[in-house]
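Values quoted throughout were computed directly from the atomic coordinates according to the rules given, and no laboratory measurement underlies them. Every value quoted in this text rests on a predicted model; they were computed, and no experiment measured them. Here the Cβ positions follow ideal geometry from the backbone for every residue, glycine too, while neighbour counts run over all protein chains shown.
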Amino acid sequence: MWFAILPSSQLKNKPVGLKRLGKDIVLWKDAQNRVNCIEDICVHRKAKLSKGKVVNGNLQCPFHGFEYSGDGKVTVIPAYGRNYKVEDRFRVKNYYVFEKFDFIWIWLGEEKPESDPKFFDDINESFSYSDYGELWRVPFTRSVENQLDVMHLPFVHHNTIGKGGKTVVNGPVVKWIDSDKFFFYVFNEKDKGFIAKKPEELKIEDSSIYLEFIFPNVWQNHISENVRVVAFFSPVDKESSVVYIRFYIKLSKIKFLDRLVAKGGMAFNKLILHQDKRVVETEKHNIFDDLLVQGDLPIMEFRKRIVKNKELFKDFLP
Ligand code: FES
Ligand SMILES: [Fe+2]
């Protein structure tokens, strides 16, 4: 399964050490500009490889100069001489990585990736964007579920995107598009004394807002045809995750101008994000004894997949 872990802009010429999916990993770009990813620990005396440097496309340990290729093998032990053939046991674990849409994905699973990571078909080169990311002290399940939550708007965001006091949550309606992707449609309204409608009583066409989620960790809010907010929830460990927000805009034909608008607009997105963070970071980390209600339907769908993958996710699920 592919996990989005880092915006491409964060990986330049130097190796980058990260904690993701409960593992210490190091990323670097090789001579072909391809992203490589291996465990961030040298086989020799266990120094962090991310403190080293890239030499001829390989990653060189900062301590005694062992050189690693992208498959995790040590290719050079300088103390033996560059022409020495290094034994196979000198190797660390490597991970499949993929760079797409200016984001880096890592593959989780024993088998080989069978396809490329999925993204949103309706976002293309014609959009400009700005990026922002920050650490949240909750596991990725909690940070994802916050963006699948259509009930919190009039409370957490009462003075911003949740203005208007639409506290009654009809539905929402969840529609799976394929095995990993679902849309969810929002029908919130003011409390006029009626009981919230069930999803089967609602028509998708009547919804004012729809959002999209790609399991396990990519989300999109269709603000309009030309304005989108995308979020990536990158699992760090059992206690934390990094939330990356990308604000996509396609307003003028001039990329430079659109980028400026996207940058300016990020201030508002940050404000919203901090309203969320303030509350979400108080949640208990373990999701399994929550008592959910109908408005949590998108969260229930997400959890079905979480439960199926509990074993695979064990390093970063509390
Ligand atoms: S610890 Fe890495 S080369 Fe010695
Ligand atoms: Fe929110």
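Working from label points 7 Å from Cα in the Cα-to-Cβ sense, the Lys197 to Ser179 distance is 3.4 nm. If you take the alpha carbon atoms of region 128-308 and fit the smallest convex hull around them, that volume is 130 Å³ per residue. D by Stokes-Einstein for region 1-134, Kirkwood Rh over Cα pairs, 20 °C, 1.002 mPa s: 135 µm²/s. Across region 163-178, computed HN-Hα scalar couplings (Karplus, 6.51 cos²θ - 1.76 cosθ + 1.60, θ = phi - 60°) run 4, x, x, 7, 8, 7, 10, 6, x, x, 9, 10, 10, 6, 9, 8 Hz from first to last residue, x flagging Gly and Pro. Working ranking of peptides 101-113, 305-317 by packing, defined as the average number of other Cβ atoms within 10 Å per residue, highest first, is 101-113, 305-317.
Let me have the relative contact order for region 128-308, percent, based on Cα pairs under 8 Å that are six or more residues apart. After rounding, I find 32 percent.
Pairs of alpha-carbon atoms within less than 8 angstrom and 6+ residues apart define the contacts here; what relative contact order does the chain have, in percent? Walk me through the numbers before you get to the answer.
Working: 634 pairs, mean separation 59.2, N = 318.
Relative contact order of the chain: 19 percent.
Ordering 222-235, 138-151 by mean Cβ neighbour count within 10 Å, with the highest value first, yields 138-151, 222-235.
With contacts defined as alpha carbon pairs under 8 Å and 6 or more residues apart, what's the relative contact order of region 2-107 in percent? Before the final figure, lay out each step's value.
On the way: 227 pairs, mean separation 28.2, N = 106.
Averaging sequence separation for qualifying contacts and normalising by length gives 27 percent for region 2-107.
What the phi angles of region 10-21 give under the Karplus curve with 6.51, -1.76 and 1.60, with θ = phi - 60°, is a coupling list of 8, 10, 10, 8, 8, x, 10, x, 9, 9, 9, 6 Hz, glycine and proline written as x.
I'd like the projected area of region 98-137, averaged over all directions, using the convex hull of its alpha carbons. Report it in nm² with one decimal. Each step should come with its number before you reach the end.
Values: hull surface 18.1 nm².
Averaging across all directions leaves 4.5 nm² for the Cα convex hull.
With the simple model of a label 7 Å out from the Cα in the direction of the Cβ, Asn56 to Glu111 spans 3.8 nm.
Show that you can apply the helix-only estimate: for the chain, add -39,500 (n - 2.57) for every DSSP H stretch of four or more residues, divide by all residues, and state [θ] at 222 nm to the nearest 500. Don't jump to the answer; show the numbers that get you there.
Details: 4 runs with 50 residues, N = 318.
Helix contribution divided over all residues of the chain: -5000 deg cm²/dmol.
I'd like the FRET efficiency for Asn13 and Thr75, computed as 1/(1 + (r/R0)^6) with the beta carbon distance as r and R0 of 25 Å, rounded to 0.05. It comes to 0.80. Distant-in-sequence amide contacts of Tyr68, defined by a placed amide H-H separation under 5 Å and a gap of 5 or more residues or a different chain, comprise Leu59, Gln60, Cys61, Thr75. Amide H contacts of Ser252 (H built 1.01 Å from N, in plane; Pro and chain starts excluded): Asp258 sit under 5 Å, all sequence-distant by 5 or more or on other chains.
What number do you get for region 1-77 when its Cα radius of gyration is normalised by 2.2 N^0.38 Å, N = residues?
Values: Rg = 11.7 Å, N = 77, 2.2 N^0.38 = 11.5 Å.
The reported ratio for this selection is 1.02.
Computed over neighbours whose Cβ is under 14 Å from that of Lys73, the net charge equals -2, Lys and Arg +1, Asp and Glu -1. Rg/Rh, computed from the Cα trace of the chain with Rh as the Kirkwood radius, has the value 1.03. Within the listed set Lys29, Lys238, Lys203, the residue fluctuating most in the Gaussian network model of the chain (springs between alpha-carbon atoms under 10 angstrom) is Lys203. Using the Karplus relation 6.51 cos²θ - 1.76 cosθ + 1.60 with θ = phi - 60°, the per-residue 3J(HN,Hα) values for region 210-218 come to 9, 10, 9, 9, 10, 5, x, 8, 10 Hz, with x marking Gly and Pro.
With a threshold of 21 Å on the Cα-Cα distance, the over-threshold entries among Lys166/Lys304; Lys29/Lys250; Lys118/Lys175; Lys46/Lys314; Lys12/Lys53 are Lys166/Lys304; Lys29/Lys250; Lys46/Lys314.
Under 5 Å between amide hydrogens, built in the peptide plane, is the criterion, and for Arg20 it picks out Ile25 among residues at least 5 positions away or on other chains. Peptides 123-136, 15-28, ordered by how many other C-beta atoms sit within 10 Å of their residues on average, highest first, read 15-28, 123-136.
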